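Below is a structure I'd like to ask you about.
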């Protein structure tokens, strides 16, 4: 008789607490295989999830979730957690419209006490839960799992400092996937088996610190380097201990007996904040992921046997790649150009410049606040810094944008990737707000590329612009396929362009939705209504002459943007109101993202849900002109 696979018997984490070590070990193997199979079909964050399989099993086996709160930093490593918390049957819907989020999400499960998709928030949130518990709320123990990359952000250390001062019982697990201490499995497991016996927390720390001495020479060196990673010095107390935490580690994150021993001992003995340093291998258990340079951090669907990822159909280059090449070319012509990234040189397209000019590209880690002020310092000293950051991550540095850049009028160039809706990553990664939060800052120049050729020109514009801060935004994904200029040419600041002439109404586009605007114009033209389509290029400063011309010679004006309310359309309305042009009877509609967050789906479906498709634009034109869309379509059918 073939035994029932362990994973098939798991309905919730409580089922793990009845299993012995052998069954939990087999469960981890099945869980890893299940995740590989799922992500091979859906795509997603594979390497980070594979690296925490044993850790996830151990945490849920030891702690009483969901009463005990488990908080995953970023959340991109939560696939094993989702499978074990009753969502296995829905994993095929991962990152799809109407399906599971790729991150933790409070509305999705009671096992997700705190939603996340940006880094370095877990310790702050965990301390909040711990305080609530100590003030009588129904909260048990609190476990925050944070990756070593997320520990490069200042917010994590602010939280550690506060937590150490509060001295509240809180477990922080540092998932260090930069090195593996797998070879000394036997010695470490034997030594750490002593942790099962009850005793004071000081004894637990003493045992953990004694691990190094019990290991064979080469393995002892590896363990010592792991400890130095978190202390920053070869001996003495770790930084975390200086901040008031009890430090335990390093622990092999793929040795379930060892993990169970440490977690059980810590849960039994802790009376204050504890930092458990766990070493894991990103992509663990899947050879193609372990061998890949990026450890299969984010993958498309792939063949499990070979690891080969599905390739996109040949087409236009991505906006990110176009930006990266244009900036590298600009840097070749101007030695003052430098670039800053917050732990994403590949994701932001800086890898080409990094290869060609390695001393002029600076990766500051997951530290957007520092990155912006660092760029401001370089600008103040006469360099021409490009700060390449996703729109959603630039939000984390808004005070620095205001205080350190805008207030001083420093010419920092912001290359804002992932503008607008981004598809599978959902609302947490949508670039919805940058137009609004930058356009209200004095002295800022704000641009948006309608296509990849315009992006090349905007890189050149930003490179030549020393009069103050300047930003240009562009979307995720491939461009439109237009011919690219050999060299970018600086645009006239604050000047847009007419793309299509008409007379009945004007559509004023800001950004990469120009194609949808032109498609709407084609639909209207087929039914006998000629409209003008213009590309604003700039949200600040506005092209006042262009807007005045559109208002004076058309019966309606429709603004279109891939951003939230308060952005480009609001700037246009403010100027029209100030100059009295709203009193002249022209009908105006501003099409923006709606006042809600939009969950993951394909970008096309997300924009349809947002009311920003070509049909929505043509309907807005008809509404503004007083024509019923239904009757107009029927008449033209």
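Looking only at the range 240-291, filter to residues that are free of Cβ contacts under 8 Å to residues at least 40 places away in the same chain and more than 21 Å from residue 49 (Cα to Cα); which one of those is surrounded by the fewest Cβ atoms within 10 Å (Cβ to Cβ)?
The residue in question is 242.
While we're looking at this one, here's another question. Working carefully through the options 31, 46, find the one that is modelled with pLDDT of 95 or more and over 27 Å from residue 269 (Cβ atoms).
Of the residues listed, the single one that is modelled with pLDDT of 95 or more and over 27 Å from residue 269 (Cβ atoms) is 31.
Of the conditions (1) in contact (Cβ under 8 Å) with a residue 24 or more places away in the chain; (2) surrounded by 16 or more Cβ atoms within 10 Å (Cβ to Cβ); (3) closer than 26 Å to residue 77 by Cβ, residue 304 fails just one. Which one is it?
(2)
Determine whether residue 339 is under 22 Å from residue 374 (Cα atoms) and assigned to a helix (DSSP H, G or I). Spell out how you get there, then give the answer.
On the way: under 22 Å from residue 374 (Cα atoms): yes; assigned to a helix (DSSP H, G or I): no.
Criteria not met by residue 339.
Tell me which of these residue 107 doesn't satisfy, since it passes every other one: (1) surrounded by fewer than 21 Cβ atoms within 10 Å (Cβ to Cβ); (2) free of Cβ contacts under 8 Å to residues at least 60 places away in the same chain; (3) assigned to a helix (DSSP H, G or I).
(3)
Right, another one. Going through the range 593-609 one residue at a time, which ones are touching a residue at least 40 places away in the same chain (Cβ under 8 Å) and either in a helix (DSSP H, G or I) or buried (at least 20 other Cβ atoms within 10 Å of the Cβ) (or both)?
Step one: list which residues in the range 593-609 are touching a residue at least 40 places away in the same chain (Cβ under 8 Å), which gives 593, 597-603, 605-607.
Matches in the range 593-609: 593, 600, 601, 603, 605, 606, 607.
Something else now. Assess whether residue 316 counts as being part of a loop (DSSP other than H, G, I, E, B) and farther than 28 Å from residue 409 by Cβ.
Criteria met by residue 316.
For every residue, the table says whether it meets (1) within 24 Å of the chain's Cα centre (by Cα); (2) outside any helix (DSSP H, G or I); (3) buried (at least 18 other Cβ atoms within 10 Å of the Cβ).
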position	(1), (2), (3)
111	yes, yes, yes
119	yes, yes, yes
123	yes, no, yes
128	yes, no, no
133	no, no, yes
136	no, yes, no
140	no, yes, no
146	yes, yes, yes
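Hey, does the range 85-97 have a residue that's farther than 17 Å from residue 597 by Cβ, crowded, with 21+ Cβ neighbours inside 10 Å, touching a helix residue (DSSP H, G or I) at 6+ places or on another chain (Cβ under 9 Å) and modelled with pLDDT of 95 or more?
Looking through the range 85-97, at least one residue is farther than 17 Å from residue 597 by Cβ, crowded, with 21+ Cβ neighbours inside 10 Å, touching a helix residue (DSSP H, G or I) at 6+ places or on another chain (Cβ under 9 Å) and modelled with pLDDT of 95 or more.
Suppose the filter is over 25 Å from residue 42 (Cα atoms), outside any helix (DSSP H, G or I) and either in contact (Cβ under 8 Å) with a residue 40 or more places away in the chain or not assigned by TED's automatic domain parsing to the domain that holds residue 163 (or both); does residue 101 pass it?
No.
Could I ask something else about it? Residues of the range 447-462 being over 12 Å from residue 323 (Cβ atoms) and touching a helix residue (DSSP H, G or I) at 6+ places or on another chain (Cβ under 8 Å), which ones?
Passing the criteria: 447, 448, 450, 451.
Sort out which residues of the range 415-437 are farther than 16 Å from residue 604 by Cβ and out of contact with any helix residue (DSSP H, G or I) (no Cβ under 8 Å at 6 or more places or on another chain), and write them in order of number.
427
Turning to a different aspect of this structure: Return yes when residue 297 is part of a helix (DSSP H, G or I) and either over 26 Å from residue 478 (Cα atoms) or not assigned by TED's automatic domain parsing to the domain that holds residue 424 (or both) and no when it is not.
no
The values are calculated or read from the model by the stated rules, or taken from the named source; none is laboratory data. Predicted model, so just to flag it, every value in this text is computed and none were measured. As a convention, Cβ positions derive from the backbone with ideal geometry for all residues, glycine included, and neighbour counts pool all protein chains shown.
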